[in-house]
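The values are calculated or read from the model by the stated rules, or taken from the named source; none is laboratory data. Because the structure is a prediction, the values reported are computed rather than measured. Every residue, glycine as well, gets a Cβ built from its backbone with ideal geometry; the counts of neighbours run over all protein chains shown. Please note that ligands, DNA and RNA were not included when accessible areas were found on the heavy atoms of the full protein model with its side chains. Shrake-Rupley method; radii C 1.70, N 1.55, O 1.52, S 1.80 Å.
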Amino acid sequence: MSRLIAVTGTGTGTGTDTGSRRAEWTGRVLRWLRMLRDDLCTTRLDPLPPSVWLRWLPHGVLCLAAFGITVGGIAQLQDNGHLGLGLAFLLGSAQGSAVVLAMWRPVPAWWMSMAATLVGALALHGRLGMVKGVFFTWPWTVAGIIAHLLVLLLLALRVRARAAVEALALTALLTWVFDGVWGAPPHQSTSVLTVVLSGIVVALGTALRGRREARAELGRQASLTEEERARRTLLEERSRIARELHDVVAHHMSVISIQAQVAPHLVDNPSDELRENLDGIRHNALEALTELRRVLGVLRSEGPDADAPDDTGTGPHSPQPTLDRLDALVENTRAAGLTVTVRINGERRPMQSGVELSAYRIVQEALSNVLRHAPGATAHVEIEYIPYGLLVSVANSRPARPAPPSPGAGHGLLGMRERTTMLGGSLTAGPGADGGYRVFAELPAAGPAAGTTHSRPVPPARRPGPKPTHRPDAKPAHHPDPKDDRA
């Protein structure tokens, strides 16, 4: 009894395994048929991408090839294949039309080429031995092979590799069925040649398509990288400006705290209300100063060169420079080999710390750009004090020799624009008519009001130096793109 149960159980398990394998293979075949239907049973539009330099040359060459295929196919089918003119014209036209159609709809063109080959092979099958000693090409004619290769190439260039391989497999399958299974009277077989050439064409088209997609993806990645680089550069420059301005604001808050502490001692018998208000001012100033120091500490710790000295030889905790140190900056630049002249117009007077700091940094960056990008040139710095602000101009002459590659990251002009925009001013930079370069900044004495981003316009007569001219054909002599890396 136990043996019977064991045998019965074993037989049931074997039947279940066989049924599951059968269901699995059936599912695989159905999935393959669905993929085949999605890839090759479509009439979607896939136009041939035009050439960049010669837009319609590929289309013209393919149309000329289609015309040759049509004429040659008709003559071959009629003369050597002994078909009637009507059927020969129909088959030859279908093969040539498949090449033209493949420029826009490659999958339907492939079906047309296959259908023309199928009908031609059926029509020629009974006429292969009509003339003794003459062997006709079968199942693919010469014109049919050329047409089908062009169609497969255009198909592989614009569809997925899987669809191109499926088309190649069906081409080989149809060729094998005709020549290997059905057979025909003595003929010149073109089966092996067609399959080999079709494989080469599909591999070439797939490789070219992959290369084109890789280049397009590389271009997209390069664009994203450039955008990220510009965004990172902007954030780094803003962080640098914020660190400098925090020093300035912290200094003023310290002065306010000290003045509020000393003020009661300057008045005889100050009232309690006055003492209370001054104590409140001092307390608020100390709290603001503490918060500023915290934020400043974060900004300094996040900076890539927070603990390194800058190019002026001052450390990160030194006071921020003003126009009083302009002479030292010019002397350092002259020591580096650049001829610099300085001119100051108007009555020199103290400005706000942020304005003087920005003016100093603009001159510093502009002179650094001249050293990097205009070797052998001379620079002219001009500063004009006007009633409502400050005008800064740094111009250089044409460079004496080409500039070597610069390791700059493009922070120069970006930082200048950020500083002038922050103060509500404006900045222009560009090549001059003499082949040099000029940076001109307008810095208002008072910061912009709430919601205001533009400062008071400066009359043209008050602008120092010659006004930069921009010609359509003028190019920077020492820098091709002023927005990129004049830093």
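Scanning segment 221-244 for residues that are hydrophobic (A, V, I, L, M, F, W, C) and either within 18 Å of LEU357 (Cα to Cα) or open to solvent by less than 40 Å² (accessible area, probe 1.4 Å) (or both) yields ILE241, ALA242.
THR117 passes every criterion in (1) over 27 Å from LEU33 (Cβ atoms); (2) of a type in the set (Val, Ile, Thr); (3) open to solvent by less than 70 Å² (accessible area, probe 1.4 Å) apart from (1).
Residue-level check: of (1) in a helix (DSSP H, G or I); (2) modelled with pLDDT of 75 or more; (3) over 45 Å from the mean Cα position of the chain (by Cα), LEU83 misses just (1).
Those strands (runs of 3 or more DSSP E) of segment 367-439 in which 1 or more residues are under 30 Å from the mean Cα position of the chain (by Cα) occupy 426-431. Does segment 158-188 hold any residues that are acidic (Asp, Glu) and more than 24 Å from ASN80 (Cα to Cα), and which are they? The answer is GLU166, and nothing else.
Of the numbered criteria (1) under 20 Å from VAL394 (Cβ atoms); (2) at pLDDT 85 or above; (3) open to solvent by less than 60 Å² (accessible area, probe 1.4 Å), the one GLY424 fails is (1).
Go through segment 1-45 and give me each residue that's assigned to a loop (DSSP other than H, G, I, E, B) and at pLDDT below 75. Once the filter is applied, which keeps residues that are assigned to a loop (DSSP other than H, G, I, E, B) and at pLDDT below 75, segment 1-45 yields only MET1. Taking the listed residues PRO321, PRO270, the one that is at pLDDT 80 or above, in a loop (DSSP other than H, G, I, E, B) and under 30 Å from GLU365 (Cα atoms) is PRO321, with no other qualifying. Here THR171 meets the list (1) surrounded by 19 or more Cβ atoms within 10 Å (Cβ to Cβ); (2) farther than 25 Å from ALA207 by Cβ; (3) polar (S, T, N, Q) almost entirely, failing just condition (2). When ARG343, ARG438, ARG361, ARG419 are screened for being among the charged types (D, E, K, R), modelled with pLDDT of 90 or more and open to solvent by less than 60 Å² (accessible area, probe 1.4 Å), only ARG438 passes. Within segment 152-169, residues that are free of Cβ contacts under 8 Å to residues at least 40 places away in the same chain and within 11 Å of ALA102 (Cα to Cα) reach no partner that is part of a helix (DSSP H, G or I) and not aliphatic (A, V, I, L, M) with beta carbons closer than 6 Å at six or more positions or on different chains.
Restricting to segment 346-358, and then to whatever is among the polar types (S, T, N, Q) and part of a helix (DSSP H, G or I), can you tell me which residue is least open to solvent (accessible area, probe 1.4 Å)? Looking at the filtered set, the residue picked out is SER358.
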